[in-house]
1. What pairs can you find where one residue is in region 70-87 and farther than 17 Å from L245 by Cα and in contact (Cβ under 8 Å) with a residue 40 or more places away in the chain, the other is crowded, with 16+ Cβ neighbours inside 10 Å and among the aliphatic types (A, V, I, L, M), and their Cβ atoms are less than 9 Å apart, with a gap of 6+ or different chains?
2. Sort through E60, E71, E88 and tell me the only one that's within 30 Å of D123 (Cα to Cα) and among the charged types (D, E, K, R).
3. May I ask you to list the residues in region 198-214 that are in a strand (DSSP E or B) and either of a type in the set (G, A, S) or closer than 19 Å to L231 by Cα (or both)?
4. Look at A192 and say whether it is in contact with a Ser or Thr (Cβ under 6 Å, 6 or more places away or on another chain), at pLDDT 95 or above and among the aliphatic types (A, V, I, L, M).
5. In region 204-221, which residues are polar (S, T, N, Q) and buried (at least 20 other Cβ atoms within 10 Å of the Cβ)?
6. Within region 89-142, restricting attention to residues that are farther than 23 Å from G159 by Cα and of a type in the set (S, T, N, Q), which residue is nearest to the chain's Cα centre (by Cα)?
7. If Y83 satisfies all but one of (1) crowded, with 20+ Cβ neighbours inside 10 Å; (2) out of contact with any strand residue (DSSP E or B) (no Cβ under 8 Å at 6 or more places or on another chain); (3) in a helix (DSSP H, G or I), what's the number of the condition it fails?
8. Which residue out of P72, P98, P124 is assigned to a strand (DSSP E or B) and either over 19 Å from L275 (Cβ atoms) or not assigned by TED's automatic domain parsing to the domain that holds P4 (or both)?
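The values are calculated or read from the model by the stated rules, or taken from the named source; none is laboratory data. None of the values given here were measured: they were computed from a predicted structure. Note that we place each Cβ from the backbone using ideal geometry, even for glycine, and neighbour counts take in every protein chain shown.
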Amino acid sequence: MSKPVFRFAPSPNGHLHIGHALSALLNARAAVALDGRFLVRVEDIDQARCTAALEADMFEDLEWLGLPLDEPVLRQSNHFPDYRAALERLQDMGLIYPAYLSRADIRRFVQATEESGKSWPRDPDGAPLYPGDRAVLCEAELSDRMDSDAPFTLRLDMGKALARVGADLTWQEAGSEGKALFDPPEAVAAEAANWGDVVVARKDTPTSYHLAVVVDDARQGITDVLRGQDLYHATSVHRVLQELLGLPQPRYRHHRLILGPDARKLSKSNDDTSLRSLRESGLTLTELRRRIGL
C-alpha cells in the first residue's frame, strides 16, 4: 500500500497568517503520524497579485515553522498547458460555455429580483448562482459583448455535468487531528448542484481554483487533502471535476478555522496580522503553537 501524501498549497499574493500556520503544521504533523510525505505547492495562477518577493517571504515563514520542503516545489504558473488540456476535455464533452455577465451585472439582477419579492438562490459561500446571460441581457447586448471581445468566464454547465457523472456522487471524509487521523473515512454526499454553474477558467487564464486544484492533486499523487473547513462544501465541485476528467479521488480532511475577534475567518485581503510581523515582534514558535492549539 502506498504511503499517504499530504500538501500545503498557499498563494503568494500576500503574507501568511496564523490560519495558514495551523493548516501547514497540521498537514506536516499528519504526514509524520501516518508515515507519509508532505509537499508544498505554490498556487500562483494570479500572476498580477502573486510576486517573487511574496513567495520568498512565504518560504521564510515556512522555514521558521520548521517545515521540510520536498523539492521540487510545484508552481502552478509552470503548468498552464495542463490546465488548458483539462479544460479542452470538458469543452469536448459539451460541458463548458462562455459567460459574459460581470459581477456588477449579476448584483444588479439579483437585487432587482429580490426587491420584486422573489428570492434568488445562493451557493454555500453566499454568492448568488449564475442566472445565465440571456436572463439579464437582450440578444443585441449579448451580441455586442461577444463581437467586442469583452471579458468573459468559462463556466461548467452543472446540470449537464451531474447528468453525466450521476447524482449519487460522494467523497470520503476522514479525521484531521489527533487520534481522529486514524479513523476510517465516512462517505459524504456531494451536493454540487448547490454551486450552480461554477467558473472553471477566464478569458485570459486557462483555469480557476476549482479546476487547477484537482489537476494538481492528481499530478502530485495527493492521497489526503487536509484543508480548512471553509472549503468543505467546495469538495462537491472537486468531486464532479475528478469524475469528469477521470482523476483519482483523495481522502478529504477539513480542519477547524482560526477566527478573528469579529468571528470571521482570517484573510490576507483583510490585512490580518501576518506570521512575518508576529515573528518580528518576538513571537516564538512554541508560543505560536500554543496560540493555535497545537
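1. These pairs meet every condition: L74/A9; L74/L39; L74/V40; L74/V42; Q76/A9; Q76/V42; Q76/I45; Q76/A212.
2. E88
3. V199, V200, A201
4. In short, yes.
5. T207, S208
6. Among residues in region 89-142 that are farther than 23 Å from G159 by Cα and of a type in the set (S, T, N, Q), the one nearest to the chain's Cα centre (by Cα) is Q111.
7. (2)
8. The conditions single out P98.
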